[in-house]
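Just below is one structure, and these are the notes that go with it.
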Protein chains: 2
Amino acid sequence: MRLVNFCAGPCTLPLPVLKEAQAEFVDYHGEGMSLFEMSHRGPVYREVHDRALTLVKQVFGTPDGWEALFVQGGATLQFALVPLNLLGRGASAGYLESGVWGKKALADASHHGDVYAAWEGAAFDFRRMPAPDEIRVRPGTRYLHVTSNETIGGIRLVQFPDLGVPLVADMSSDFLSRAIPWDLFDLVYGGVQKNLAPAGMAVVFVRRSVLEDTNRDLASYLRYDVHAAADSLANTPPVFSIYMMGKVLTWMLDQGGLAAVEKLAEEKAALLYQAIDHSDGFYLSPVDPASRSLMNVVFRLADEEREQAFLSAAEQAGLVNLKGHRSVGGIRASMYNAMPRSGVEALVEFMSDFRRG
Amino acid sequence: MRLVNFCAGPCTLPLPVLKEAQAEFVDYHGEGMSLFEMSHRGPVYREVHDRALTLVKQVFGTPDGWEALFVQGGATLQFALVPLNLLGRGASAGYLESGVWGKKALADASHHGDVYAAWEGAAFDFRRMPAPDEIRVRPGTRYLHVTSNETIGGIRLVQFPDLGVPLVADMSSDFLSRAIPWDLFDLVYGGVQKNLAPAGMAVVFVRRSVLEDTNRDLASYLRYDVHAAADSLANTPPVFSIYMMGKVLTWMLDQGGLAAVEKLAEEKAALLYQAIDHSDGFYLSPVDPASRSLMNVVFRLADEEREQAFLSAAEQAGLVNLKGHRSVGGIRASMYNAMPRSGVEALVEFMSDFRRG
């Protein structure tokens, strides 16, 4: 029996995609070998690669003048590459400390450039994102780094701030689930392992004009311009992640594309927040309603001692990986693009049954 | 029909491994989801991960006091991480420019430390590796970087030089195919996509005492000590590569382990070099016999104009990906661990038939 998987990442993938990949796993399209045994410079893989590059820009609505790069190492390697590539001498960058991930991005960047916290969510126990006028951008700031969705805290940046400084966003946990105002950005990146594909890389969207001015005094793998010039084939790419991402993107188009996926995300989240808000205080959302994540819905039971019983009963009902992150406890339901509405409906029904005992 | 695949990498994987992975692809061991949808911190994946870490050291015969790390980005990212981690102020490192890969390693390292060419193969047209007394190690050298096997040139370092300075080796193209004298090394790395698994990471073997003294002033993904302290789970790992590598390593143990694989590699190479050497000059090996690679056998037809006909006829016979690298031309047969002896026998027979017309 296939379980309903609310894991925060890696997480549920579309079942038709898994079945298709399984069918062609040993002998890819009658080529006499698997895709994972082929040269990454041969025509069969090249088609898979180029299609994934095209699709990821198409589905996300990336404007002309932008490149998409496939880079291994997840968002975590990007915490290094962003300052290494963008911060020349004399330039600084501001970071929103909006949660665990925003803080990590800043801490990592601090080794490679002059960076500072432009807003600190600790003062608000990381329960909300800042309003634009709370963000302090210093003169000489090259970019403002934002985490569009904090996976652990369960909050998201609903409005991207327009403060006259280019934004760089880590969108790992709401990647390709929402339309974004590209004009405000110089660079957008995210690990693929939540919304897009099995773990193994980040996709980096970068404005082509930005690439003209990135740091060249770096080893090749660390250079955005090298990845861009080689169509992300400067070295052997992470074939499996790219291949699977291409299938997931095709599936997304079949669902109606980004607009449909975004609408579904809003509907799934609304269903669950309603169940929390209308539980007569049995379930509690700890985050500011204005910053509620659509992807990671964090909640508590008013009676925290019953949370373990809730998790066990949910698991019995086939609803798994609902435990909150170990650093914050409670319950977390992650509902990425591949989570069907029926999965959330099953959770809401279970929550109602559990509450009534 | 499954083809005999002589690709230089990614390349042939053991068929039983592919079939096993296919069978459990959609629902992993009855868990109700695929392995690629599970938390990397959950018990099911953790077992896969820990087994791969244990197996890779066991099969390679890595001594106590060494760590194995799984790091995304292939050997190419290691070209950056080695100097970033090991080269403190005042220290330098020597590199063997033994071919395309040795040169790339040096060029990349030059951005992150005081590095120099300790031997230049260009003077010998990259047809051989150096004898130990040809290598010039300067005072203050922290490590000597060697490429144990040059994939494109088709040469290998048969004896690792003992010059009183620790070695660092890129073993991407003969990884886990030969026993090595660990005492001479501080660090050994290689991309997995030739001998071990589908593309997506490097395995880095590093002496634990070395980790006590690596550079800490780096973003976390760039730090060896961070990967080691977290058992390569500091961030989401490349699950598919690790999972498949575990299966390939189990398969290697079933074949008799490293000694058996090394013996088979020697036998396969001997078969093919014999066919070249005993062809009355029809086939020619351009490399110094003392430096011949066991993994990548490079050869020419005396009549180079017939090479295209050779490749086409081989392909008709089900022997594929024999074209030499675009930078050197000719023929290249890559015979990594998963290439069965029968594949090489088929090639040798084909070569004999082709020669006789």
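The aspartates and glutamates whose alpha-carbon is closer than 14 Å to the alpha-carbon of B:K194, local same-chain residues fewer than 8 away aside, are A:E37, B:E150, B:D170, B:D174.
Counting protein heavy atoms only, the protein assembly as shown has 49 percent of its accessible area on carbon and sulfur, 1.4 angstrom probe. Our summary gives the stretch A:123-165 a relative contact order of 47 percent, counting only alpha carbon pairs under 8 angstrom and 6 or more residues apart. Using a probe of 1.4 Å, the accessible surface attributed to A:W101 totals some 70 Å² when neighbouring protein chains are kept in position. Can you tell which of A:L218, A:L167, A:L187 shows the greatest fluctuation in a Gaussian network model of chain A with Cα springs below 10 Å? Taking springs between Cα atoms under 10 Å, the residue moving most is A:L218. When the Cα atoms of chain B are aligned to their principal axes, the ranges along those axes come out at 62, 59, 31 Å in descending order. At q = 0.05, 0.08, 0.11 Å⁻¹, what is the base-10 log of I(q)/I(0) for the protein assembly as shown according to the Debye formula with one equal point scatterer per Cα and no solvent? Please give it to two decimals. Values, matching the q order: -0.25, -0.64, -1.16. Annotation for the A:B interface, with buried accessible surface near 4600 Å², both sides summed [1.4 Å probe; non-protein components not counted]. Each other copy places its own label point for A:G88 at 3.4 nm from this one, sorted shortest first, where the point lies 7 Å along the Cα-to-beta carbon line. The contact residues of the stretch A:12-26, meaning those that lose at least 30 Å² of 1.4 Å-probe accessible area when all protein chains sit together rather than their chain alone, are A:L18, A:Q22, A:F25, A:V26.
Taken as Cα centroids, the stretch B:216-278 and the stretch A:277-305 sit 46 Å apart, rounded to the nearest whole angstrom. Determine the distance separating the Cα centre of the stretch B:7-32 from the Cα centre of the stretch B:78-101; give it in Å without decimals. Each part reduced to its Cα centre gives a spacing of 35 Å.
The mean accessible area for residues of the protein assembly as shown, using a 1.4 Å probe and ignoring ligands and nucleic acids, is 36 Å² per residue. In the neighborhood of B:L163, defined by Cβ-to-Cβ distances under 14 Å, what is the net charge if each Lys or Arg adds +1 and each Asp or Glu adds -1? Counting the neighbours of B:L163, the net charge comes to -2. Label-point distances for A:D231 to the equivalent site in the other copies, using a point 7 angstrom along Cα→C-beta, read 4.1 nm when ranked shortest first. Only protein heavy atoms count here; under a 1.4 Å probe, A:V4 has an accessible surface of about 40 Å². Dipole check for the protein assembly as shown: with +1 at the C-beta of Lys and Arg, -1 at the C-beta of Asp and Glu, and the Cα centre as origin, the magnitude is about 220 Debye.
Taking trypsin sites (Lys or Arg not before Pro) across the stretch A:206-246, the ones in a DSSP loop with at most 15 further Cβ atoms lying within 10 angstrom of their Cβ are A:R216.
For chain B, the relative contact order works out to 22 percent when only alpha carbon pairs closer than 8 Å and six or more residues apart are counted. Here the ratio of the Cα radius of gyration of the stretch A:55-203 to 2.2 N^0.38 Å is 0.97. Across the stretch A:95-163, C-alpha contacts under 8 Å between residues 6 or more apart give a mean separation that, scaled by the residue count, equals a relative contact order of 37 percent. For the stretch A:77-126, applying the loop criterion from DSSP together with a ceiling of 16 other beta carbons within 10 Å to the trypsin sites (Lys or Arg not before Pro) yields A:R89. For the stretch A:311-357, the list of trypsin sites (Lys or Arg not before Pro) that fall in a loop by DSSP and count at most 16 other C-beta atoms within 10 angstrom reads A:R326. Relative to one another, the C-alpha centroids of the stretch B:138-201 and the stretch A:36-61 are positioned 31 Å apart. With no solvent and one equal point scatterer per Cα, compute the Debye intensity ratio I(q)/I(0) for the stretch A:157-200 at 0.32 Å⁻¹ and report its log10, rounded to two decimals. With one equal scatterer per Cα and no solvent, log10 I(q)/I(0) is -1.23.
Sorted shortest first, the separations between the B:E349 label point and its copies elsewhere in the assembly read 6.1 nm; each point sits 7 Å from Cα along the Cα-to-Cβ line.
Accessible area ranking (1.4 Å probe, heavy atoms, ligands and nucleic acids excluded), largest first, for A:T250, A:T76: A:T250, A:T76. Rounded to the nearest 5, what is the percent of antiparallel bridges among the DSSP beta bridges in chain A? Of those bridges, close to 50 percent are antiparallel. The A:D133 and A:A270 beta-carbon pair, evaluated with R₀ = 25 Å, returns a calculated FRET efficiency of approximately 0.35.
The helix-only estimate of mean residue ellipticity at 222 nm for chain B, built from DSSP H runs of length n ≥ 4 each weighted as -39500 (n - 2.57), is -11000 deg cm²/dmol after division by the residue total.
The values are calculated or read from the model by the stated rules, or taken from the named source; none is laboratory data. On a predicted model such as this, the values are computed, not experimentally measured, just so you know. When we count neighbours, we look across all protein chains shown, and the Cβ atoms used for this are built from the backbone with ideal geometry, even at glycine. Surface accessibility is based on the protein's heavy atoms, side chains included, excluding ligands, DNA and RNA. Shrake-Rupley method; radii C 1.70, N 1.55, O 1.52, S 1.80 Å.
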